[in-house]
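Chemist: The structure's right below; bear with me while I get my questions together.
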Amino acid sequence: MKNTNEKKDQLPEEFSSYEEAGKFWDTHDSTNYLEYMTPVEVDVRLDRRHFEIDVDEEVIKALEERAISEHISASRLANELLRRELVTH
């Protein structure tokens, strides 16, 4: 159980940088500052998954160049190319 008599540092009005905020929260427990928190509602969609694969640098460069020329994202182009090559065969 937490010691509620523990003295806590005052929460700064604002941080001058992300680094300053990071240093503060690296050394402080956010559950000691719940009275400053505002509840939010979040809609999370878990219908997509992301996968990581190793791709040679020249392949990525070619993919990015072609995606730019076709005015689509590299991710969308990669999916289209892989689908065409793997799923339809």
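Every number in this text was worked out from the coordinates using simple rules, so none of it is lab data. As the structure is a prediction and not an experimental result, all values here were calculated from the model. Using ideal geometry, Cβ is built from the backbone for each residue, glycine included, and neighbour counts are taken over all protein chains shown.
Chemist: From the backbone phi of the stretch 64-69, what are the Karplus-calculated ³J(HN,Hα) couplings (6.51 cos²θ - 1.76 cosθ + 1.60, θ = phi - 60°) in whole Hz, Gly and Pro given as x?
Modeler: For the stretch 64-69, the Karplus curve yields 5, 4, 5, 4, 4, 5 Hz.
Chemist: Rounded to whole Hz and in sequence order, give me ³J(HN,Hα) for the stretch 19-29 from the Karplus expression 6.51 cos²θ - 1.76 cosθ + 1.60, θ = phi - 60°, writing x for Gly and Pro.
Modeler: The phi angles translate into 5, 4, 5, x, 4, 4, 6, 5, 10, 10, 8 Hz.
Chemist: While we're here: Of (i) 23.4, 67; (ii) 17.6, 63; (iii) 16.0, 50, which is the value of Rg and Dmax of the Cα atoms in Å derived from the coordinates here?
Modeler: After the calculation, the listed value that fits is (i).
Chemist: So what is the calculated 222 nm ellipticity per residue for the chain, using -39500 (n - 2.57) for each DSSP H run with n of 4 or more, over all residues, to the nearest 500 deg cm²/dmol?
Modeler: -10500 deg cm²/dmol
Chemist: Turning to a different aspect of this structure: Can you put D26, D47, D9 in order of Cβ neighbours within 10 angstrom, beginning with the fewest?
Modeler: Fewest-to-most ranking of D26, D47, D9: D47, D26, D9.
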